[in-house]
Each structure stands twice: as structure tokens, then as C-alpha cells.
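A.B. asks: Could you have a look at this structure, given as C-alpha cells, before my questions?
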Amino acid sequence: MPSHLSRLIAFTLLAASLTRILPAQESAQPATEAQTDSPASPPKPEDPPATLFPHSDKSRFLIVGQTNIIFQAHGPFHTPYSGPNSLLGRGEYKTSLLGTLYLGAQVIRNPRASTDFLIDVESSGGRGISEALGLGGFTNLDVVRNPSLGSKPYIARVQLHEVIGVGGELTEAERTPFSLSTSVPTRRFDLRFGKMSLPDVIDLNSIGTDSHLQFMNWTVDNNGAWDYAADTRGYTYAGVAEYDDKIWSARYALGLMPTVANGIDVDWNVRRARGENTEFEFRRTPFSAFLPKERKGAVRLLGFVNHANMGVYRDSIKAFEAGLTKVPDITAHAPGSTVKYGVGLNFEQEITENTRIYGRFGWNEGQHQSFAYTEVDQTFAFGADYFMRRYGRPLDKAGITFVSNAIKRDHQNYLRLGGLGFLLGDNGLNYAREDILEGYYNLHAWRGVFYALDGQFVEHPGYNQDRGPVLVESVRMHVDF
């Protein structure tokens, strides 16, 4: 373990040293981070656009794009045994590539009742370490969990976005690929229908949501216990209804579940399979009473109920003990609809002009099969980021976070007896929580070009204290067009 810690310390010192080595540059708040619609740390008006090409906020149309390239590697680590779904114990390195072209048109431009048509085309190539297996909190959110799909471009999102005002008061809004209006009613209904990723609109957090300019881990950028409706690429067909008021918002989303765990096809029978999600957001936190009014924050409470063809861990263990299967097999059950539910909480708070903190908690009942996102039944995370404005680099940013993931007893026993989930399976399990410490430094190089160094120290990978720890080191290049 000391060698891993020394490498992590060396990485941190190298990242910090970049602020002194490189000259100060003009920069701006990244457009990608603004997509989170968060109340914290808006762009500074004196900062120029952080894109390669300028974009007009007055045009009826939007054409923007981005490219994200992540190189990840880890050295050999302790592993007395492994299985088909293990993080590889030998050293390895992989590169992922993600490109997205966002297109949008304002069909109706009236700020009190606007309509957007949105579409984006995406290509996801490369690989994740160990083919994205062996971790509940995997280290690269850009990786598609089924590498056999290849890098052929596909339509990631296509939707109608409708804003309906309630009352005459208007407020300024940031134009993003998900919402084109720059002025919206303060009190409004916000409706979306089509293909989307549910984390586009639910469980947002301006410190821990964007894997292109912030943290990279699955369970940092999203709530790991929220098994949200999605295919293997992370998208679904859904409808979202939202009401926004001055200091609070309420959202409901209904999305299609995959036909099988981590599957590319979704089940169109809504009576049989669906994901129902409710979120309430209050744009104040317990810290607000002790901070100046300009220090923004928010608290969001999430609840979800999934209906799908999910197996039950305890039933698969009983079938194995009865000799019906060679090992517990969560997929060996009669087709039918079962129910999985859970809750989540996240908060963010601006402490100073440059410092923000955030936290997340998630829990699901853990008896039913992990089906759509990852194999986590409970999670909590806490972290912070810091802008380098006082050093003359307003878009450079450093972040650090700690996340701890867990699975329930039946899920543990299933893996201990040799069962396989869609991400985990070491042919055994000596259970412990999976603890992850992640830190990054994001460097603004020129216009829309950013580079980042990132380190993730994982204790008990795949909840197995017989394996690890492992340090995963990353270099990222991000370009906004």
C-alpha cells in the first residue's frame, strides 16, 4: 500500500505544480458544466467563451460539439484469485474516445411559451480498463459497458422540449444543448419527450456531474444506487415533466427499462417495464444561513421505482442450493415483472468565490438484480472543487472527492458463491465496502481545449478485500467546438 500512496502523492504534487509552470491565460466557465443548470458559480462576465468557435445566443439554431479522450492505466495489484468479471490484476492501459454533435432548433421562440427540437449524434470508441468490469464505481463514465457495439455513430438524444410560462416574470437562462432559450419564465412548466439520458435532468450537481471537465468515476458523477432506466449506452425513451419556481423545482420522469440487464434494447410495454423517478429541488442548503446571500446552493431529494424482468438474489441462491444451477444465476428465472425502489439525496454549496462543496447519498432495497446502471446498493460521497482565479487562471480547477459504495447481504452471498452480475464476479468474495478517493486537476490550454490529470485510489475493488488496492491514473483531453 505505501507504494500506491506514494504514487498518489506524486500525482497530486505534479498536478499542483502546473499552476506555476504554465502562464496565465484568458478563460471562461466551460459550456459543458453550464448544462447542469446548477445555481452555483455562474460564468464570470469578463471571461471569453471557452469554445473553439463562437456561438450566437440570438440564433434560432444551435450547432455545437465536443470530443473527450481519456487514457487510463493501473499497475499490478494483489489478487489471489479472480473471475470472468474481475478487474485485471496485471497492469493494463486503455483509451476511450467520445465525440458528440449537438443540434437544436427553436421551433417557437416566444420566451413565455417556447419549443425546442433537439438531437445529438454520438460516437463512442476505445475501451475501458478490464472492459469496464470489476468495479461498482468504475473509473471512466465515458466507457460503454458493451464494447462489442463498436464506435459506429448513433443517435444518442432526440427530443421535443417545451417551456410553458406561469405568470409574466422572466429570468435570464444559460443556453445549453438541452435548452435553447436565454430568457425563461421564473415560474414555468418544463416538458421533455423523446430519447434522452435521465441524468441530463435529474440528480444534477455542478461539482459532480460532468465527466468531461470534472471527476470521471461512475459513482461520483451519478448516484451509484440510482439504477436509472437506460440501455447499455446510458439512454432511454422517456417523458419528463418539471415545474420550476423561484427557489424550488419538482420533476417526474417515466423511462423505458432494458429488456435484460445492461441490454441495448428497451421494453416498450410500459405496463410491464418502466422506471418512475421523482425529484424535489430546493435552492437553499443548511449552510445558507451562515453564508452571504450570493453564495448559492441546492438540495435535491430523489425517489425511484423500477418495474422490469429482474431476478431476485435470494431466489437464485436457493436454486443453486437445490442443485438446479451449477452456480447462482440471477438470469435463471421465469420471465416476469418485479419491483426495485430506492432514494437519493445530493447537495451543493458555494463556500467562497472559488470553493464549492458537494455530497451525495443513495440507497436501494438491494434484493433485486442490479439492472441498468451499476452494482451498487448504497453509496455516499463528499467532495469539493477549487477554481484557480486568484492565480490568474480562472478556468483551471482542482477537485477531490471520496466515495464509499456497498451492496446488501443477499447480493454479497450471491457473489461469494460464484454468481455473476453484469459487472462483478471474482469467483468468490471476502466482503468489504468499495472505497474510492479521486482527485483531478483540469487545465485550460487554449479556447475550448482542456487537459486533465486524474488519480483514483480504489480500496477493495468489487467489494473484495482479498483484492487490491489499486491506483488508476488518467490523462484527459477535452475539446469544445
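A.B. asks: Could you list, in sequence order, all residues of segment 320-341 that are of a type in the set (Ser, Thr, Tyr), in contact with a strand residue (DSSP E or B) (Cβ under 9 Å, 6 or more places away or on another chain) and either within 16 Å of ASN262 (Cα to Cα) or in a loop (DSSP other than H, G, I, E, B) (or both)? Step through it out loud before you land on a result.
C.D. replies: Start the filter on segment 320-341 by keeping residues that are of a type in the set (Ser, Thr, Tyr), which leaves 325, 331, 337-338, 341.
Within this subset, residues satisfying the condition of being in contact with a strand residue (DSSP E or B) (Cβ under 9 Å, 6 or more places away or on another chain) are 337-338, 341.
SER337, the sole residue that qualifies.
A.B. asks: Among the residues of segment 240-276, write down those that are of a type in the set (Val, Ile, Thr), part of a loop (DSSP other than H, G, I, E, B) and more than 30 Å from GLY168 (Cα to Cα). Walk me through how you get there before you give the answer.
C.D. replies: From segment 240-276, those of a type in the set (Val, Ile, Thr) are 240, 247, 259-260, 264, 266, 270; that's our starting set.
Filter again for part of a loop (DSSP other than H, G, I, E, B), leaving 247, 259-260, 264, 270.
Passing the criteria: THR259, VAL260, ILE264, VAL270.
A.B. asks: Of all residues in segment 277-299, count the ones that are modelled with pLDDT under 95 and not in a loop (DSSP other than H, G, I, E, B).
C.D. replies: Result for segment 277-299: 3.
A.B. asks: Here's another thing I want to ask about it. Kindly check whether there is at least one residue in segment 380-389 that is surrounded by fewer than 17 Cβ atoms within 10 Å (Cβ to Cβ), closer than 30 Å to ILE317 by Cβ, in contact with an Asp or Glu (Cβ under 8 Å, 6 or more places away or on another chain) and touching a residue at least 12 places away in the same chain (Cβ under 8 Å).
C.D. replies: No, segment 380-389 has no match at all.
A.B. asks: Conditions: (1) modelled with pLDDT of 95 or more; (2) within 26 Å of the chain's Cα centre (by Cα). ASP329 meets all but one. Number of the miss?
C.D. replies: (2)
A.B. asks: Quick check, is ILE317 in contact with a helix residue (DSSP H, G or I) (Cβ under 8 Å, 6 or more places away or on another chain), assigned to a loop (DSSP other than H, G, I, E, B) and either crowded, with 24+ Cβ neighbours inside 10 Å or not basic (Lys, Arg) (or both)?
C.D. replies: On the way: in contact with a helix residue (DSSP H, G or I) (Cβ under 8 Å, 6 or more places away or on another chain): yes; assigned to a loop (DSSP other than H, G, I, E, B): no; either crowded, with 24+ Cβ neighbours inside 10 Å or not basic (Lys, Arg) (or both): yes.
It is false that ILE317 is in contact with a helix residue (DSSP H, G or I) (Cβ under 8 Å, 6 or more places away or on another chain), assigned to a loop (DSSP other than H, G, I, E, B) and either crowded, with 24+ Cβ neighbours inside 10 Å or not basic (Lys, Arg) (or both).
A.B. asks: Give the residue that is nearest to the chain's Cα centre (by Cα), with candidates limited to residues of segment 423-454 that are over 30 Å from HIS55 (Cβ atoms), surrounded by fewer than 23 Cβ atoms within 10 Å (Cβ to Cβ) and among the small types (Gly, Ala, Ser).
C.D. replies: If we take residues in segment 423-454 being over 30 Å from HIS55 (Cβ atoms), surrounded by fewer than 23 Cβ atoms within 10 Å (Cβ to Cβ) and among the small types (Gly, Ala, Ser), then GLY439 is nearest to the chain's Cα centre (by Cα).
A.B. asks: For segment 73-82: of the residues being over 12 Å from VAL458 (Cβ atoms) and either in a strand (DSSP E or B) or among the hydroxyl-bearing types (Ser, Thr, Tyr) (or both), which is farthest from the chain's Cα centre (by Cα)?
C.D. replies: Across segment 73-82, the extreme among qualifying residues is TYR81.
A.B. asks: Let me ask you something else. Just checking, does segment 181-189 include any residue being of a type in the set (Lys, Arg), buried (at least 19 other Cβ atoms within 10 Å of the Cβ) and at pLDDT 95 or above? Working first, answer last.
C.D. replies: Kept after step one, since they are of a type in the set (Lys, Arg), are these residues of segment 181-189: 187-188.
Then keep just the ones that are buried (at least 19 other Cβ atoms within 10 Å of the Cβ); that gives 188.
Remaining after also requiring at pLDDT 95 or above: 188.
For segment 181-189, residues of a type in the set (Lys, Arg), buried (at least 19 other Cβ atoms within 10 Å of the Cβ) and at pLDDT 95 or above: present.
A.B. asks: Looking at (1) more than 30 Å from SER148 (Cα to Cα); (2) in contact with a Lys or Arg (Cβ under 8 Å, 6 or more places away or on another chain), which one does THR285 not meet, given that it meets all the others?
C.D. replies: Checking THR285 against (1) more than 30 Å from SER148 (Cα to Cα); (2) in contact with a Lys or Arg (Cβ under 8 Å, 6 or more places away or on another chain), the one that fails is (2).
A.B. asks: Within segment 351-366, how many residues are under 15 Å from PRO394 (Cβ atoms) and touching a strand residue (DSSP E or B) at 6+ places or on another chain (Cβ under 6 Å)?
C.D. replies: So the answer is 3.
A.B. asks: Being of a type in the set (S, T, N, Q) and either free of Cβ contacts under 8 Å to residues at least 60 places away in the same chain or part of a loop (DSSP other than H, G, I, E, B) (or both) is the filter; apply it to segment 120-155 and report the residue that is surrounded by the most Cβ atoms within 10 Å (Cβ to Cβ). It would help to see each step written out before you state the result.
C.D. replies: Of segment 120-155, the ones of a type in the set (S, T, N, Q) are 123-124, 130, 139-140, 146, 148, 151.
Restricting the remaining residues to those that are either free of Cβ contacts under 8 Å to residues at least 60 places away in the same chain or part of a loop (DSSP other than H, G, I, E, B) (or both) gives 123, 130, 139-140, 146, 148, 151.
Values: SER123: 16, SER130: 21, THR139: 30, ASN140: 27, ASN146: 16, SER148: 8, SER151: 14.
Restricting to residues being of a type in the set (S, T, N, Q) and either free of Cβ contacts under 8 Å to residues at least 60 places away in the same chain or part of a loop (DSSP other than H, G, I, E, B) (or both), the top hit is THR139.
A.B. asks: Taking the conditions exactly as written (in a strand (DSSP E or B), in contact with a His (Cβ under 8 Å, 6 or more places away or on another chain) and at pLDDT 85 or above), does THR95 satisfy them or not? Walk me through it before giving the result.
C.D. replies: Details: in a strand (DSSP E or B): yes; in contact with a His (Cβ under 8 Å, 6 or more places away or on another chain): no; at pLDDT 85 or above: yes.
No, not satisfied.
A.B. asks: Taking segment 428-455 as the region of interest, how many residues are of a type outside the set (Gly, Ala, Ser), touching a residue at least 60 places away in the same chain (Cβ under 8 Å) and in contact with a helix residue (DSSP H, G or I) (Cβ under 9 Å, 6 or more places away or on another chain)? Can you show your working first?
C.D. replies: From segment 428-455, those of a type outside the set (Gly, Ala, Ser) are 429-431, 433-438, 440-444, 446-447, 449-451, 453-454; that's our starting set.
With the extra rule that they be touching a residue at least 60 places away in the same chain (Cβ under 8 Å), the set shrinks to 434, 436-438, 440-444, 446-447, 449-450, 453-454.
Filter once more, keeping what is in contact with a helix residue (DSSP H, G or I) (Cβ under 9 Å, 6 or more places away or on another chain): 434, 436-438, 440-441, 443, 453-454.
Of the residues in segment 428-455, 9 are of a type outside the set (Gly, Ala, Ser), touching a residue at least 60 places away in the same chain (Cβ under 8 Å) and in contact with a helix residue (DSSP H, G or I) (Cβ under 9 Å, 6 or more places away or on another chain).
A.B. asks: Any idea which of (1) under 16 Å from GLY234 (Cβ atoms); (2) part of a loop (DSSP other than H, G, I, E, B); (3) of a type in the set (Asp, Glu); (4) in contact with a Lys or Arg (Cβ under 6 Å, 6 or more places away or on another chain) is the one ASP57 doesn't satisfy?
C.D. replies: (1)
A.B. asks: How many of the residues making up segment 163-180 are within 16 Å of SER249 (Cβ to Cβ), among the charged types (D, E, K, R) and surrounded by fewer than 16 Cβ atoms within 10 Å (Cβ to Cβ)?
C.D. replies: Count: 1.
For (1) of a type in the set (S, T, N, Q); (2) without any contact (Cβ under 8 Å) to a residue 60 or more places away in the chain, each residue gets a yes or a no:
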| residue | (1), (2) |
| --- | --- |
| LEU198 | no, no |
| ASN205 | yes, no |
| GLY208 | no, no |
| GLN214 | yes, no |
| TYR228 | no, no |
| ALA253 | no, yes |
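A.B. asks: Quick one: how many residues across segment 31-68 are among the aliphatic types (A, V, I, L, M) and at pLDDT below 50?
C.D. replies: First pass over segment 31-68, keeping only residues among the aliphatic types (A, V, I, L, M): 31, 34, 40, 50, 52, 62-64.
Restricting the remaining residues to those that are at pLDDT below 50 gives 31, 34, 40.
Number satisfying all stated conditions: 3.
A.B. asks: So, in segment 256-277, how many residues would count as being under 21 Å from GLY303 (Cα atoms), hydrophobic (A, V, I, L, M, F, W, C) and in contact (Cβ under 8 Å) with a residue 60 or more places away in the chain?
C.D. replies: The total comes to 3.
The values are calculated or read from the model by the stated rules, or taken from the named source; none is laboratory data. As the structure is a prediction and not an experimental result, all values here were calculated from the model. For neighbour counting, all protein chains shown are included, and Cβ atoms are generated from backbone atoms with ideal geometry for every residue, glycine included.
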